[in-house]
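> A single structure is presented below for examination.
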Amino acid sequence: MPWTPSAAGRHAIERLVDEAGLGLTTTHWPLPAAAVSRALDALPATLPEPLDAARTRVRQELQARRGSQGTLTVRGHRDALAGYGEDATPGSSASWRSPELVGGTVAAQVGGRIDVPADVDRSGAQFRFDDTALVAEALGLQLQAWVHRSWWGPGWQSSLALGNNAPALEAVGLQRAAAGVSESRWLSWMGPWNFEGFVARTDDLSQPVHPYLIGTRLTLRPFRQFEVGLTKMAQWGGEGRPQSLRSFLDTFTGANSNPDTPAEQQIDPANTLAGFDVRLGCPWGWRCSLYAQVMGEDEAGHMPSRHLGLYGLTYWTADGDHRLFAEYAETGCNTPVAQPAARGCAYRNHSYPQGYTTEQRWLGASMGPDSRVITLGWIDAARDGAFKLHWGSIGSRIGTSSLLTDDPRYAGRMVGVSARRAYPVAGVTVTPELDWTRVSAATGTRNDTRVGVSLRAGLDAPSTGSAGAAWSRLSPLDQALWGAGLLAGAALLDHTLDDAAQRHGGSPSAQAVRRFGNALPFLAVGAAGATWLGEHGTVAGDVARSAVTASVTAAVAAQGLKYVVDRSRPSENRGASDFGHGNRGDSSFPSVHAAVAWAAVTPFARQYDATWLYGAAALTNAARVIGRDHWFSDTVAGSLLGYGLGSWFHQRAVRGGDAGTQAQVFIGNRSVAVQVPFR
C-alpha cells in the first residue's frame, strides 16, 4: 500500500539512510509500505541506540498505517504556508480510514473525509475518499488506484512539483513495488531507486473543465550520500482541449509545445513542468545534508527552461531528537538566486488560465507563483512538534489560486510563523496548531491567523487495552472536558452534514443505511436480552445483562435530557442553535437511538475486544443524521452517554458480587424502572 511517513518519521528515515545505510530513497513519497519494511529488515540487527530508536519509530508508523484511524480537525478558514507532513486545507474536517485488507497480491484500504467549506458563506460539505487505495502487484510493479497527497522533492517546507497544498488527488498509476537496489546488473548502478507514473483528473471548473494531471518521477541513489530525482508533470486535456492518443504522446515528446500563434495554441498538447532535484549528504560523518530542486516551466530544445528553484540545508542532532533546516524557494520563471524573475509565467499557461491547480489550490508550493520565501524550521521529532519562521514576498496568493499576478489583496512582503505539537492523551493524539502570516498588500496589510486542533486515534486498538485503560485513569473532570471538546467539534459539522443529508439522503445506499441504523438499537438490545436469558449465570450472561441494563438506563437518561435541552430537530428547519420551540419530549438533543446502540454494544466490545462493534453502532448515528432526525452533535452526545453507561455497567458486571450489588431492571405494564446500588 502507498505510505507517506510523518515529518518525524521521514526525519528518522533520512537518519537511517545517512548514518546506517538504509536502502531507500528519501525524496519521493509515498513509497510502497512493503518496500520500506523490507529495507528496515535488511539493516543490521544491532544498531546504535539513537538509530535503533529511529528504526522502531518507522516500524510503529508502518504498523499504525495498516490499522484503522479516525481524525477530527477543528481549524480556522485562513490559508497558511504548509510544509511537509502538514494539512494545508483551511477549515474543519473529519476523516476515517479502514484497516488494510490483503489477499495474495492484492491489497485495499478505504478512507473518507468530509471538509467544511473554507468559504463561510457557502453551504454544503465536500466528501472525498482520502486514504483510499487499491493495489495489485505483478512483475515487480504495482498497479494502483488511489486518493492521496504526494510529496515529490527534497524540501521540508515546499515542493515545486507536487506538494500537499492541494486536496488529495484521485488517480490510477504504476509504481515500482521495491525501492532497494535492483538485482539486474544493468540497473544495479542506480542504487536504491523507485519509479512512479500516474494520471489524475483535477477538479477545476473553469475552462477547460476537469483537465487531467499526468505525473512521472524517477528517483535513484547511485551513491550513499547522493540522491537525484527526475520529475515531469503535465496538465493535459479537459473540456474543449485535445485528448487524442497523439496529443497524449506529444505531451512526453514535447512536440507542438510552446506555440507562438493562436492557431498553434489550439494543438498545444499540455502545460508541462519538468526538472530535477538532488540531495547530497555531508562528508566526514557530519550530520547534515544539502538539497536543491529546479523545475522548468517551459521547454526549449526538448529540455526544461524558465526555471523555478528551491535550495536548502538541514542538520540534525546526535540523539536524533531534533532537526533544523533553512530553505529558500523562488517560484518565478528564470530565477537564479535573487535575480529578477519573469512574472506571470510560473504555474500558469495560456491553455489553462486557472493555473497549475486543482480545486482552486496550487499543486506545487503553497506560496504560489512569483514568490520568494526563506524558511527557518525546527522539527522536534521526540515530541512530534515543529516551529518555523518565514519571510520574503508573495507574488500572487498563498494557498488558494488567484488569476492575478501581484494580486493587490494578497501579494506583497510577508512574514510568518507556524507552530504545532502533538500530545498523546488517553489513546488520542491531540495536535494544537498555530499559523500566522502578515502580508503588506497594495490594498492594506493582511494579518491572517489560523488556530486549530486535531484529534487522531486508532480505531482498532483493543478497547480494554492501552486506550481504554488510559481513559479510565482520567479524572471525571478530564473525561467531562474531553466529552465537551468532542461535542464542540461535532457541532461545527452540524449544518455541513445536514446539508449533505438533504442532497444525498434519498439515494438507495443512504436509505439502506438509514433503515439498518434505525433498527440496530432494537436488534442489539434484543440480542443482548436473549443472551442474558440463555446464558444466565455465566460470564457471557453477565455481560449481556450489563448491556441490557445500560441500554435501558441510557434510554431513560437521554429522554430526561431531552426535556432539559429542548432543541429543535433539523427537519423543523429552524437551525442548529434553536431551542425551546418544540415538544420537550421530542427534543433533538440527545439521540436516544444512538445512546441505546452504543450502550448495548459497549459491554461486548470491551469484554471481547470487538471494537468493530463501535463501527456498527456508528451506523445508527449516520441513520439519524441522514433522516434529519438529529443534528450530528445530538448523535455524538448520545454516543458518549451510551458509551459511558455501557462501560460503567460492564465494569460492575465483570467484578461480580452478590445480587444486592447488581443493577436491576423492573418492567411494569406502563413503566420501566432501573435500580442501581452504589455501595
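The values are calculated or read from the model by the stated rules, or taken from the named source; none is laboratory data. These numbers come from a predicted model, not from an experiment. Cβ coordinates were reconstructed from backbone atoms using ideal geometry, including for glycine residues, and neighbour counts include every protein chain displayed.
> Just checking, how many residues over the stretch 207-237 are surrounded by 15 or more Cβ atoms within 10 Å (Cβ to Cβ) and either more than 19 Å from Glu297 (Cβ to Cβ) or touching an Asp or Glu at 6+ places or on another chain (Cβ under 6 Å) (or both)?
10
> Please go through the stretch 1-39 and give me each residue that is more than 21 Å from Asp277 (Cβ to Cβ), touching a strand residue (DSSP E or B) at 6+ places or on another chain (Cβ under 6 Å) and outside any loop (DSSP other than H, G, I, E, B), ordered by number.
Ala33
> Might you check whether a residue that is of a type in the set (Gly, Ala, Ser), assigned to a loop (DSSP other than H, G, I, E, B) and either more than 23 Å from the chain's Cα centre (by Cα) or outside the structural domain of His495 (by TED's automatic domain parsing) (or both) occurs anywhere in the stretch 47-66? Show your work before the answer.
Looking only at the stretch 47-66, we keep the residues that are of a type in the set (Gly, Ala, Ser), and these are 53-54, 64.
Checking which are assigned to a loop (DSSP other than H, G, I, E, B) leaves us with none.
No - not one qualifying residue is present in the stretch 47-66.
> Something else now. Taking Gly416, is it touching a His at 6+ places or on another chain (Cβ under 6 Å), surrounded by 19 or more Cβ atoms within 10 Å (Cβ to Cβ) and either of a type in the set (D, E, K, R) or closer than 30 Å to Gly485 by Cβ (or both)? Working first, answer last.
On the way: touching a His at 6+ places or on another chain (Cβ under 6 Å): yes; surrounded by 19 or more Cβ atoms within 10 Å (Cβ to Cβ): yes; either of a type in the set (D, E, K, R) or closer than 30 Å to Gly485 by Cβ (or both): yes.
Yes, satisfied.
> Moving on to the next point. Can you find, within the stretch 271-309, the residue that is surrounded by the fewest Cβ atoms within 10 Å (Cβ to Cβ) among those that are more than 13 Å from Gly229 (Cβ to Cβ) and of a type in the set (Asp, Glu)?
First, the residues of the stretch 271-309 that are more than 13 Å from Gly229 (Cβ to Cβ): 271-273, 281-290, 296-309.
Narrowing the set further to residues that are of a type in the set (Asp, Glu) leaves 297-299.
Working: Glu297: 27, Asp298: 19, Glu299: 16.
Here the answer is Glu299.
> Six or more apart or on different chains, Cβ under 8 Å: which pairs go from a residue in the stretch 393-411 that's in the same structural domain as Gly91 (by TED's automatic domain parsing) and surrounded by 24 or more Cβ atoms within 10 Å (Cβ to Cβ) to one that's in a loop (DSSP other than H, G, I, E, B) and basic (Lys, Arg)? Could you list them?
Pairs found: Gly395/Arg343; Tyr410/Arg397; Ala411/Arg397.
> While we're looking at this one, here's another question. Kindly list, by first and then second residue, each pair from a residue in the stretch 600-613 that is under 17 Å from Leu641 (Cβ atoms) to a residue that is modelled with pLDDT of 85 or more and of a type in the set (S, T, N, Q), limited to pairs with Cβ atoms under 6 Å and residues at least 6 apart or on different chains.
Ala600/Ser551; Thr602/Ser647; Pro603/Ser546
> Something else now. List the pairs whose first member sits in the stretch 345-365 and is in a strand (DSSP E or B), whose second member is acidic (Asp, Glu), and whose Cβ atoms are under 9 Å apart, counting only residues at least 6 apart or on separate chains?
Asn349/Asp268; Asn349/Glu297; Tyr352/Asp204; Thr357/Asp204; Thr358/Asp203; Thr358/Asp204; Arg361/Asp79
> Moving on to the next point. On the given criteria, is Trp193 outside any strand (DSSP E or B), of a type in the set (Phe, Trp, Tyr) and crowded, with 19+ Cβ neighbours inside 10 Å?
Considered against the rule, which asks whether it is outside any strand (DSSP E or B), of a type in the set (Phe, Trp, Tyr) and crowded, with 19+ Cβ neighbours inside 10 Å, Trp193 comes out as no.
> Hey, Trp146 hits all of (1) under 25 Å from Val278 (Cα atoms); (2) touching a Ser or Thr at 6+ places or on another chain (Cβ under 8 Å); (3) of a type outside the set (Val, Ile, Thr) but one; which does it fall short on?
(1)
> Turning to a different aspect of this structure: Would you be able to tell me the number of residues in the stretch 310-326 that are in contact (Cβ under 8 Å) with a residue 60 or more places away in the chain, more than 15 Å from Arg10 (Cβ to Cβ) and either out of contact with any helix residue (DSSP H, G or I) (no Cβ under 9 Å at 6 or more places or on another chain) or surrounded by 22 or more Cβ atoms within 10 Å (Cβ to Cβ) (or both)?
Of the residues in that region, 1 qualify.
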